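Here it is, the structure, as structure tokens.
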Amino acid sequence: MTDLNPTCPPEGRDGASDGCGSRREFLGTAVAAVATALTGCGKLSQEEFLQRNFRELSKEEVRDVIARLEKEYKAKYGKEVKVADTPPIPGVIFGYALDLSRCIGCRRCVYACVKENNQSRDPGVQWISVLEMEKEEGVNLQHADLYYDPAEVPREGHFYMPVQCQQCKKPPCVKVCPVGATWRDKDGIVVVDYNWCIGCRYCMAACPYGARHFNWAEPHLPAGEVNPDTHYFGNRPRPKGVVEKCTFCIQRTRKGLYPACVEICPTGSRKFGNLLDRTSEIRYILENKRVFKFKEELNTQPNFFYFYGV
Amino acid sequence: MPSDFWQFISGTLRLITKGNRAYYAWVGFLLLLIAIGAAAYVRQLNDGLIATRMRDQVSWGFYIGNFTFLVGVAAAAIMLVIPAYIYDWEPIKEITILGEMLAISALIMCLGFVMVDIGRPDRFWHIIPLVGRLNWPQSMLAWDVIVLNLYLLLNWFVVTYLLFCAYTERHYVKKLVLPLVLLSIPMAVSIHTVTAYLYNGLAARPFWNSAILAPRFLASAFCSGPAILLILLQVLRRTTRLKIKDEAIFKIAELMAYTMGFNLFLTAAEAFKELYSGTEHMVYFQYLLFGLKGHNTLVPYAWASILFGLAAFILFLVPRTRTNWVTLNIGCVLIYASVYIEKGMGLIIPGLTPDALGEIYVYSPSSTEIAVAAGIFAIGFLVFTLMLKAAVPMMLGEFTINRRRRRAGAS
């Protein structure tokens, strides 16, 4: 497993210090020794160590936190990275629908997502899992293959089912988090405060969709590939040891754009919109197609629907 | 009184720093293991949890397995407290304090395993009630933090108080001790119940989402905890002047036969329901007992656990083998091994394999995980050894404040 084993990042990789650098201020107190020891290679700033849960921060504190993060990212990647904290749009609850009869399993959504959302390239993190299933079996996880690798897709006798965070109305991951580091926002997006998560991974055990991913090592993201347009709860570069997941591209959708996976899909299998808007495409699908929810029996009530368009 | 307490502390320190060669060798060995564990943990802190073999598919492993097993050991202290205090059964009474010390050591190991498992130990304060932001009462992990720490505090207080009384040759205040000891009974049940609920409440993991999980936890804990104590009592009888009647040991062994029988029954009930009804939820039991799609790493362990449990049950049920020291000790080791497999890897791994999307990721602990775990076990053994070293002479009345004064007066 040594290839998956980036230790304290080598000095000067991408001209940056990658999480263990000298840019941060030292803690001044006795806490310093403990806190620094506990982060391994990190030098933890007092501000970062003492930062409270995002929901408890005042407007000024949020501004300071974001300024600090932007400064850190600039030092690390050598370019301006903007961190937004765009709130939910009033009157909007996002819904997603995926057409199983059109998806061809090309995985373009997977790669577009990685690029847009600044996922770690090494070790690789992917928020979308595309499962190859047998047509004769239907949606049956015991006959699903995540690692399909034929010369050409779609493969005869198979269909493809991409799975990502289902943005549940009753998210089991939120219920189990011991520190309230993850919650469902007003527009239905389940977010994670990467600066509050303790990395216990209870949410991963609770998620029936395998949608949550852990940063097992310091995430490595080449500076040239950083998407600088980020959101605090979305695609900003993540630290080691915390959980992350699909946020419906919160940095895009709260500005009225489509998620990256919807835009890239060559077959138009992915539909996205406002569930509260009667004229939206997502509402048209819910009203005119036969949809189902993945693992409906668990009563997680996803805002992510699957349907057969043709 | 405060000065008495300082003398008690300094006396305790003196007791634990002086010992024979075997004592120093044992403590040195534990310190060595702790150093190895610490070095491995530093490596894990630097590299991240990638130093383990846990991954997104199997996101909990050896650490959480050991944690779960040790919660059971901690809970099992009440196995001895119930007969001693409720029925006022004298032979066991003097050894309940040993059970409580075992609980303290087990809890320290539990907290250690949680600490090494989390990805951001620098943020541990987020989970401290009132300081951080505890998601209580929603999260079962928040409940677990509370009950484990309360139980630790309770046992620590009772042990310290009883020993302090022994040291100062006072009789303990029954009105204070009895309610606390009685409280520790539901507390012990609660720590293991809450730990079971932690898994039990996850609808995403059918292997854990079973109503008899908490009863199974309690039944198995009431076998494994006393198994450790029975061996310990025999060691103490030989190495110290502590008198423990055969009767007490045999009685505990008899109680263990019943709980082991019950544990086996519950396991069978669970296996029957899954395998006979044969729904898609069966795959986890299949992975554990028979292997799945050619992956059968757990199979020998699972069957060893069941066979060990059965053999121990028979050894403890038959009066002749129960009262024979050789077969009794074999039974203890078998029970310990059986429950360690069942409540450790046998619980965590099939809960997460196949994963939520049907993938089979074959997990086995990395050398880092094993070294860190060895370090934590060594910390627990060290705590227990030091506590015993100080407690036994105090319990025997060999080391009291008046003896020290008299000695000081004579010299």
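The values are calculated or read from the model by the stated rules, or taken from the named source; none is laboratory data. Just so it is clear, the model here is predicted, and its values are computed rather than measured. Positions of Cβ are backbone-derived with ideal geometry, glycine not excepted, and every protein chain shown enters the neighbour counts.
Please count how many residues of the stretch B:125-148 are of a type outside the set (Phe, Trp, Tyr), at the interface with chain A (Cβ under 10 Å from one of its Cβ atoms) and touching a residue at least 24 places away in the same chain (Cβ under 8 Å).
Going through the stretch B:125-148 one residue at a time, the tally reaches 3.
In addition: Scan the stretch A:73-84 and give yes if some residue there is modelled with pLDDT of 95 or more, under 30 Å from A:PRO150 (Cβ atoms), within 24 Å of the chain's Cα centre (by Cα) and away from every other protein chain (no Cβ under 14 Å), otherwise no.
no
Separate question: If you check A:THR253, A:THR182, which single one turns out to be assigned by TED's automatic domain parsing to the domain that holds A:LEU131 and closer than 19 Å to A:ARG55 by Cα? Before you say what the answer is, go through the steps one by one.
Details: A:THR253 fails: closer than 19 Å to A:ARG55 by Cα.
Of the residues listed, the single one that is assigned by TED's automatic domain parsing to the domain that holds A:LEU131 and closer than 19 Å to A:ARG55 by Cα is A:THR182.
Suppose we filter A:PRO237, A:PRO219 for residues that are touching a Phe, Trp or Tyr at 6+ places or on another chain (Cβ under 8 Å) and on the phi < 0 side of the Ramachandran plot; which single one remains? Even if it seems obvious, please write down each step before you answer.
Working: A:PRO219 fails: touching a Phe, Trp or Tyr at 6+ places or on another chain (Cβ under 8 Å).
Residue meeting the stated conditions: A:PRO237.
Still on this structure, please answer the following. For the stretch B:359-377, give me each residue that is within 14 Å of chain A (Cβ to nearest Cβ) and either in contact with a Pro (Cβ under 9 Å, 6 or more places away or on another chain) or crowded, with 23+ Cβ neighbours inside 10 Å (or both). Even if it seems obvious, please write down each step before you answer.
Looking only at the stretch B:359-377, we keep the residues that are within 14 Å of chain A (Cβ to nearest Cβ), and these are B:359-369, B:372.
Once the filter is applied, which keeps residues that are within 14 Å of chain A (Cβ to nearest Cβ) and either in contact with a Pro (Cβ under 9 Å, 6 or more places away or on another chain) or crowded, with 23+ Cβ neighbours inside 10 Å (or both), the stretch B:359-377 yields B:ILE360, B:TYR361, B:TYR363, B:GLU369, B:VAL372.
From the set of residues in the stretch B:41-55 that are part of a helix (DSSP H, G or I) and crowded, with 23+ Cβ neighbours inside 10 Å, which is farthest from the other protein chains (Cβ to nearest Cβ)? Can you show your working first?
We begin by selecting, within the stretch B:41-55, every residue part of a helix (DSSP H, G or I); these are B:41-47, B:49-51.
From what is left, the residues that are crowded, with 23+ Cβ neighbours inside 10 Å are B:49-51.
Values: B:LEU49: 5, B:ILE50: 4, B:ALA51: 8 Å.
This residue is B:ALA51.
Which of the numbered conditions does B:LEU317 fail, given that it passes all the others? Conditions: (1) farther than 23 Å from B:ASN209 by Cα; (2) within 20 Å of the chain's Cα centre (by Cα).
So the condition that B:LEU317 fails would be (2).
Now a separate question. For the stretch B:271-300, which positions are among the acidic types (Asp, Glu) and surrounded by fewer than 18 Cβ atoms within 10 Å (Cβ to Cβ)?
Here is the first cut: in the stretch B:271-300, the ones among the acidic types (Asp, Glu) are B:274, B:280.
Result: B:GLU280, single match.
Being at positive phi and in contact with a helix residue (DSSP H, G or I) (Cβ under 8 Å, 6 or more places away or on another chain) is true for just one of A:GLY78, A:GLY95, A:GLY91. Which residue is that? If you could, list the steps in order and put the result at the bottom.
On the way: A:GLY95 fails: at positive phi; A:GLY91 fails: in contact with a helix residue (DSSP H, G or I) (Cβ under 8 Å, 6 or more places away or on another chain).
Every option except A:GLY78 fails the conditions.
Hey, can you tell me all the residues within the stretch A:72-84 that are surrounded by fewer than 16 Cβ atoms within 10 Å (Cβ to Cβ) and assigned to a loop (DSSP other than H, G, I, E, B)?
A:GLY78, A:LYS79, A:GLU80
Then there's this: Can you go through A:GLU218, A:GLU225 and tell me which one is surrounded by fewer than 17 Cβ atoms within 10 Å (Cβ to Cβ), over 23 Å from A:VAL174 (Cα atoms) and of a type in the set (Asp, Glu)? Steps first, please.
Working: A:GLU218 fails: surrounded by fewer than 17 Cβ atoms within 10 Å (Cβ to Cβ).
From the options A:GLU218, A:GLU225, the qualifying one is A:GLU225.
Can you name the residue in the stretch B:340-358 that is within 14 Å of chain A (Cβ to nearest Cβ) and part of a helix (DSSP H, G or I) and, of all such residues, is farthest from A:TYR148 (Cα to Cα)?
Here is the first cut: in the stretch B:340-358, the ones within 14 Å of chain A (Cβ to nearest Cβ) are B:347-358.
Then drop every residue that is not part of a helix (DSSP H, G or I), which leaves B:347-352.
Values: B:LEU347: 30, B:ILE348: 28, B:ILE349: 25, B:PRO350: 24, B:GLY351: 25, B:LEU352: 22 Å.
Going through the qualifying residues, I end up with B:LEU347.
State whether the residues of the stretch A:231-254 include one that is closer than 30 Å to A:PRO154 by Cα and of a type in the set (Ser, Thr, Tyr).
Taking every residue of the stretch A:231-254 in turn, at least one turns out to be closer than 30 Å to A:PRO154 by Cα and of a type in the set (Ser, Thr, Tyr).
Here's something else I'd like to know. Tally up the residues in the stretch A:200-234 that are among the hydroxyl-bearing types (Ser, Thr, Tyr) and facing chain B (nearest Cβ under 8 Å), please. Working first, answer last.
Looking only at the stretch A:200-234, we keep the residues that are among the hydroxyl-bearing types (Ser, Thr, Tyr), and these are A:202, A:209, A:230, A:232.
Okay, now just the ones that are also facing chain B (nearest Cβ under 8 Å), so A:202, A:209.
Here the count works out to 2.
Scan the stretch A:123-157 for residues that are crowded, with 20+ Cβ neighbours inside 10 Å and without any contact (Cβ under 8 Å) to a residue 60 or more places away in the chain and jot them down.
Within the stretch A:123-157, A:VAL130, A:LEU131, A:GLU132, A:MET133, A:LEU141, A:ALA144 meet the criteria.
When only residues in the stretch A:47-66 that are of a type in the set (A, V, I, L, M) and over 22 Å from the mean Cα position of the chain (by Cα) count, which is farthest from A:TYR232 (Cα to Cα)?
Here is the first cut: in the stretch A:47-66, the residues of a type in the set (A, V, I, L, M) are A:50, A:57, A:62, A:65-66.
Right, trim to over 22 Å from the mean Cα position of the chain (by Cα) and you get A:50, A:57.
Details: A:LEU50: 17, A:LEU57: 13 Å.
If we take residues in the stretch A:47-66 being of a type in the set (A, V, I, L, M) and over 22 Å from the mean Cα position of the chain (by Cα), then A:LEU50 is farthest from A:TYR232 (Cα to Cα).
Do you know which of the residues in the stretch A:46-71 that are farther than 18 Å from B:ARG120 by Cβ and assigned to a loop (DSSP other than H, G, I, E, B) is farthest from the other protein chains (Cβ to nearest Cβ)?
A:SER58
Still on this structure: Does B:GLU342 meet the test of being more than 16 Å from B:THR52 (Cα to Cα) and of a type outside the set (Lys, Arg)? Outline the logic, then answer.
Working: more than 16 Å from B:THR52 (Cα to Cα): yes; of a type outside the set (Lys, Arg): yes.
Yes: the conditions hold for B:GLU342.
Take the residues in the stretch B:212-237 that are farther than 22 Å from B:LEU148 by Cα and without any contact (Cβ under 8 Å) to a residue 24 or more places away in the chain; name whichever of them is surrounded by the most Cβ atoms within 10 Å (Cβ to Cβ).
Step by step, filter the stretch B:212-237, then rank; the result is B:ARG237.
So B:ASN329 passes all but one of these: (1) part of a loop (DSSP other than H, G, I, E, B); (2) modelled with pLDDT of 95 or more; (3) out of contact with any strand residue (DSSP E or B) (no Cβ under 8 Å at 6 or more places or on another chain); (4) surrounded by fewer than 19 Cβ atoms within 10 Å (Cβ to Cβ). Which condition number does it fail?
Of (1) part of a loop (DSSP other than H, G, I, E, B); (2) modelled with pLDDT of 95 or more; (3) out of contact with any strand residue (DSSP E or B) (no Cβ under 8 Å at 6 or more places or on another chain); (4) surrounded by fewer than 19 Cβ atoms within 10 Å (Cβ to Cβ), only one is false for B:ASN329: (1).
Additional query: Please find, within the stretch B:244-296, the residue that is farthest from B:LEU352 (Cα to Cα) out of those that are assigned to a loop (DSSP other than H, G, I, E, B) and out of contact with any Leu (no Cβ under 9 Å at 6 or more places or on another chain). Steps first, answer last, please.
Here is the first cut: in the stretch B:244-296, the residues assigned to a loop (DSSP other than H, G, I, E, B) are B:244-245, B:278-281, B:290-291, B:293-294, B:296.
Now restrict to residues that are out of contact with any Leu (no Cβ under 9 Å at 6 or more places or on another chain): B:245, B:278-279, B:281, B:290, B:293-294, B:296.
On the way: B:LYS245: 45, B:GLY278: 19, B:THR279: 17, B:HIS281: 12, B:PHE290: 16, B:LYS293: 16, B:GLY294: 17, B:ASN296: 15 Å.
Top of the filtered list is B:LYS245.
Between A:VAL139, A:VAL130, which is modelled with pLDDT of 95 or more and within 30 Å of A:GLY224 (Cβ to Cβ)? Give the steps one after another, and end with the answer.
Working: A:VAL139 fails: within 30 Å of A:GLY224 (Cβ to Cβ).
The unique qualifying residue is A:VAL130.
What number of residues within the stretch A:133-182 are of a type in the set (Val, Ile, Thr), under 24 Å from A:ILE198 (Cβ atoms) and more than 9 Å from chain B (Cβ to nearest Cβ)?
Kept after step one, since they are of a type in the set (Val, Ile, Thr), are these residues of the stretch A:133-182: A:139, A:153, A:163, A:174, A:176, A:179, A:182.
Now drop any that are not under 24 Å from A:ILE198 (Cβ atoms), which leaves A:174, A:176, A:179, A:182.
From what's left, more than 9 Å from chain B (Cβ to nearest Cβ): A:182.
Summing the residues that are of a type in the set (Val, Ile, Thr), under 24 Å from A:ILE198 (Cβ atoms) and more than 9 Å from chain B (Cβ to nearest Cβ) in the stretch A:133-182 gives 1.
Any chance the stretch B:301-314 includes a residue that's within 30 Å of A:ASP145 (Cα to Cα) and either surrounded by 15 or more Cβ atoms within 10 Å (Cβ to Cβ) or in contact with a strand residue (DSSP E or B) (Cβ under 8 Å, 6 or more places away or on another chain) (or both)? So that I can check it myself, show each step before the final result.
Taking the stretch B:301-314 as the starting set, the residues that turn out to be within 30 Å of A:ASP145 (Cα to Cα) are B:301-303.
In the following step, the residues that additionally are either surrounded by 15 or more Cβ atoms within 10 Å (Cβ to Cβ) or in contact with a strand residue (DSSP E or B) (Cβ under 8 Å, 6 or more places away or on another chain) (or both) were identified as B:301-302.
Within the stretch B:301-314 (the criterion being within 30 Å of A:ASP145 (Cα to Cα) and either surrounded by 15 or more Cβ atoms within 10 Å (Cβ to Cβ) or in contact with a strand residue (DSSP E or B) (Cβ under 8 Å, 6 or more places away or on another chain) (or both)), the answer is yes, since at least one residue qualifies.
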